[in-house]
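Trainee: Here's a structure for you.
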Amino acid sequence: MLAYLPRPPTDTSRYGTFPQKPDLPAVPGALVEDGGQQAAAPAAKRGTPMPNYPSAPRHSSFVPGEPSLPPSRGSLTTQHHRGRPSWCPPPAPQEAGARLYPLHPLSVANIPNSSRGKTSARSSTIPTPEGLQSRRCKLLEEDSPMVQASKRQRQRYVTKVGKCQVNLGNIQDKKRFLSDIFTTIVDLKYRWFLFVFMMCYIVTWVVFGFIYFLDAWVRGDIGHQGDPEWQACIENVDGFVSALLLSVESQRTIGYGTRMVTANCAEGVILLIAQSIVGSMIDAMMVGCMFVKISRPKKRAQTLIFSKNCVISCRDEKLCLMFRVGDLRESHMVDAKIRAKLIKSRQTAEGEFIPLEQSELNLGYDTGEDRLFLVEPQIICHVINRHSPFWDMSAESLRREQFEIIIILEGIVEATGKCHCLAAGMTCQARTSYTEDEILWGYRFEPCMSLEKGAFQVDYSRFEMTFEVQTPAASAKELHELKELEQQEHSTLSLYWDHLLQPC
């Protein structure tokens, strides 16, 4: 009867999701036990090894008052087929050494409400034939919300390359961008920046060329070309094109000598002075913007790499969330710091919905472990303790969660040689993100360093490689409670033994 009781919902009100995945009902326990017996029989004949972590007790051996561990995530085959309900017959292994892990009844995937309304009453009383069971498995694989969610592209807050997927719109006060015109020009894309760069010079050349042509036409210099007795204000200007060439030669200080402004008119001298000042200002601004845009340390972040996946495993008897960072350049980052943000929506106790709430993940800022000497690839560890948002999360509940972890690596670009005065103080920032689908439970990173010829050799081909380790599928909170219970039992037995050893 315990197999038919509804499973209590997981307490995720503290860290809700946005949007939340549908809470699906549980599958009847009879189908689970039948499917588990059918899958366990061939596994026993082949001598399949047991899973790396302790399995949870079955419903038949349930003892009230004793803590139980949640089910595991299973092998790699089970992870790759999340949409397949666990009571369906498992696919035939492709290799001879394939590992099939037994599943606990509580780890059965839930059935949608539409399917449950049609089949729950029949399946609870009549045993399901193999043909109908396999047909139902295929239908559930196609219509499962988890499969449909995996087919849809997940909207990320920050992409893997560090680009923020946030578009700002309906900005009313756009004059603020003009007040900081230098930063506005530097932040432009290269095609628009080059367009603004060229148009600043072309517009000033054309404007001053038109003024030169207008001055020469008003004073009559154009009509007296070739007259030796005429005192021209602007010599050798007979049209707009020649006036444009005079403008270019004056602003760029080319000075071919064929056309020039004379001292016969004051307005020509004033115009030449004004163009020289405007040209110097444009040179200072445009060349400064070009230098800053080229020397910005954004491209330095391309050589700072992160692992594609996060792993969760035990380190020093504590459940930890880990990822790997590395630097591909020989010029290292100075004063490198790393921090992590958890992006997750939740609903408060008063009913307020907070979309995309940012919470801090402790990467060792209280102990100084967040300051890196990034010479070789390093594994960054987040200890899942009472203050961690993953304190109540187990391997099973991880599938139903929806969140995003933002990793931010900051450092100062190392100054070398003559570039010390230019490169000093340039802060570089590299970002990446991990979703719940990119977290591997029960894995660890392979080492990628070796000692060769008196120096440490880093093999970046093994940077992404992981291997499976023995990791409990329970949450850190459940493991802590189980450990406390064992300590209490051990203290009780020791007291009882000391009481027996005392003389009467």
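The values are calculated or read from the model by the stated rules, or taken from the named source; none is laboratory data. A quick note: this is a predicted structure, and the numbers were derived from the prediction, not measured. Methodologically, a virtual Cβ is constructed for each residue, glycine included, from the backbone with ideal geometry; neighbour enumeration extends over all protein chains shown. Note: areas computed on protein heavy atoms with side chains; ligands, DNA, RNA excluded. Shrake-Rupley method; radii C 1.70, N 1.55, O 1.52, S 1.80 Å.
Trainee: Which numbered condition trips up residue 414, out of (1) touching a Phe, Trp or Tyr at 6+ places or on another chain (Cβ under 9 Å); (2) acidic (Asp, Glu); (3) crowded, with 16+ Cβ neighbours inside 10 Å?
Mentor: Evaluating residue 414 over (1) touching a Phe, Trp or Tyr at 6+ places or on another chain (Cβ under 9 Å); (2) acidic (Asp, Glu); (3) crowded, with 16+ Cβ neighbours inside 10 Å leaves (1) as the failure.
Trainee: For the range 461-498, name all the residues that are open to solvent by 70 Å² or more (accessible area, probe 1.4 Å), modelled with pLDDT of 90 or more and not small (Gly, Ala, Ser).
Mentor: 462, 464, 465, 467, 470, 477, 481
Trainee: Among the listed residues 400, 386, which satisfies the condition of being farther than 26 Å from residue 326 by Cβ, open to solvent by 40 Å² or more (accessible area, probe 1.4 Å) and modelled with pLDDT under 90?
Mentor: 400
Trainee: When you look at residue 380, is it assigned to a strand (DSSP E or B) and surrounded by fewer than 18 Cβ atoms within 10 Å (Cβ to Cβ), yes or no?
Mentor: Considered against the rule, which asks whether it is assigned to a strand (DSSP E or B) and surrounded by fewer than 18 Cβ atoms within 10 Å (Cβ to Cβ), residue 380 comes out as no.
Trainee: Go through (1) open to solvent by less than 10 Å² (accessible area, probe 1.4 Å); (2) in contact (Cβ under 8 Å) with a residue 60 or more places away in the chain for residue 268 and report which single condition fails.
Mentor: Result: residue 268 passes all but (2).
Trainee: Return yes or no: is residue 298 charged (D, E, K, R) and crowded, with 16+ Cβ neighbours inside 10 Å?
Mentor: no
Trainee: Let me ask something else. Take residue 356 and tell me if it is assigned to a strand (DSSP E or B) and in contact with a helix residue (DSSP H, G or I) (Cβ under 7 Å, 6 or more places away or on another chain).
Mentor: no
Trainee: Do we have any residue at all in the range 432-445 that's exposed (fewer than 13 other Cβ atoms within 10 Å of the Cβ), among the polar types (S, T, N, Q) and at pLDDT 90 or above?
Mentor: Checked the range 432-445: no residue is exposed (fewer than 13 other Cβ atoms within 10 Å of the Cβ), among the polar types (S, T, N, Q) and at pLDDT 90 or above.
Trainee: When you scan the range 308-323, do you find a residue that is small (Gly, Ala, Ser), part of a strand (DSSP E or B) and surrounded by 12 or more Cβ atoms within 10 Å (Cβ to Cβ), even just one?
Mentor: Yes; the residues of the range 308-323 include at least one that is small (Gly, Ala, Ser), part of a strand (DSSP E or B) and surrounded by 12 or more Cβ atoms within 10 Å (Cβ to Cβ).
Conditions (1) surrounded by fewer than 21 Cβ atoms within 10 Å (Cβ to Cβ); (2) assigned to a loop (DSSP other than H, G, I, E, B); (3) in contact with a helix residue (DSSP H, G or I) (Cβ under 7 Å, 6 or more places away or on another chain); (4) modelled with pLDDT of 90 or more, marked per residue:
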residue	(1), (2), (3), (4)
208	no, no, yes, yes
213	no, no, yes, yes
224	yes, yes, no, no
230	yes, yes, no, no
241	yes, no, no, yes
246	no, no, yes, yes
250	no, no, yes, yes
255	yes, yes, yes, no
